[in-house]
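Structure first, commentary second.
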Amino acid sequence: MTHFVLQLFADPETFFALNGLWIFLAVGAIALFGIFLPIATWLDHRHKEREAFYKAETMRRISEAPGAGSNAAVDLMRQEERVKAIKVREGLKIAGIINIGVGLALIIFLRALLGTQQPVYLCGLIPGFIGVAMIVYVYLMAPPVDHF
């Protein structure tokens, strides 16, 4: 450590020319992992907590209302679960199509790059089969959305 300090005071231009990248990376790593990520995580958790609190408060007020308030609260919760399930299924469909496209593009790219002497291009089947598995799950194995 003293070597770096002596080198800094002896010739600052040379010191920063040789060690500037490492200093930049160290400061960037400290800023990212020590400051930004904890604050972003804390803010995200706080946002989710407030959202859950307001949702629970709204449900409580609707269910305590006279008349058909409790039925409306239950119907609202079912509708929210249904919308969430639809979003998950649509996300799986899109992810499956993207994986199939990446697999096909990888097969074409590696075949053009390396030729057919080595079947390395077949590694493009890995993301392709993952995409096919996602599509098969969505259409054949997932519970129907009307179930919610």
Once the Cα atoms of the stretch 82-142 are picked out, what are the Rg and Dmax in Å? 14.5, 51
Can you work out the FRET efficiency for the pair Thr116 and Glu90, with r the C-beta to C-beta distance and R0 = 41 Å, to the nearest 0.05? 0.60
So if each residue of separation counts as 0.36 nm, and I subtract the Cα-Cα distance between Ile30 and Asn71, what length gain in nm does that give? 9.6 nm
Isotropically averaged projected area of the chain, using the convex hull of Cα atoms (one quarter of hull area), nm²: 17.8
Can you check what the net charge comes to around Val74, using other residues whose Cβ is under 12 Å from the Cβ of Val74 (Lys, Arg +1; Asp, Glu -1)? -2
Which of the listed residues, Leu125, Asn99, Ser70, is farthest toward the dipole's positive end in the chain, when Lys, Arg count +1 and Asp, Glu count -1 at the beta-carbon? Ser70
Tell me the mean residue ellipticity at 222 nm calculated for the chain from its helices only (DSSP H runs of n ≥ 4, each -39500 (n - 2.57), averaged over every residue, nearest 500). -27000 deg cm²/dmol
Once you have the Kirkwood Rh of the stretch 54-95 from its Cα pairs, apply Stokes-Einstein at 4 °C and 1.567 mPa s and quote D in µm²/s. 113
Helix 37-64 sits off the longest principal axis of the Cα atoms of the chain, rounded to the nearest 10 on a 0 to 90 degree scale, by 10
Can you grab the distance from the C-alpha centre of the stretch 38-64 to the C-alpha centre of the stretch 73-102, Å, no decimals? 22
Can you give the angle from 0 to 90° between the axis of helix 69-114 and the longest principal axis of the chain, with both taken from C-alpha atoms, to the nearest 10? 40
Proximal lysines to Lys55, defined as alpha-carbon separation beneath 16 angstrom and excluding residues fewer than eight positions away on the same chain: Lys84
Could you list Asp146, Asp75 so that the one with the fewest beta carbons within 10 Å of its beta carbon is first and the one with the most is last? Asp146, Asp75
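Values quoted throughout were computed directly from the atomic coordinates according to the rules given, and no laboratory measurement underlies them. This one's a predicted model, so the numbers in the text were calculated from it and none came from an experiment. With ideal geometry, Cβ positions are generated from the backbone for all residues, glycine too; neighbour counts draw on all protein chains shown.
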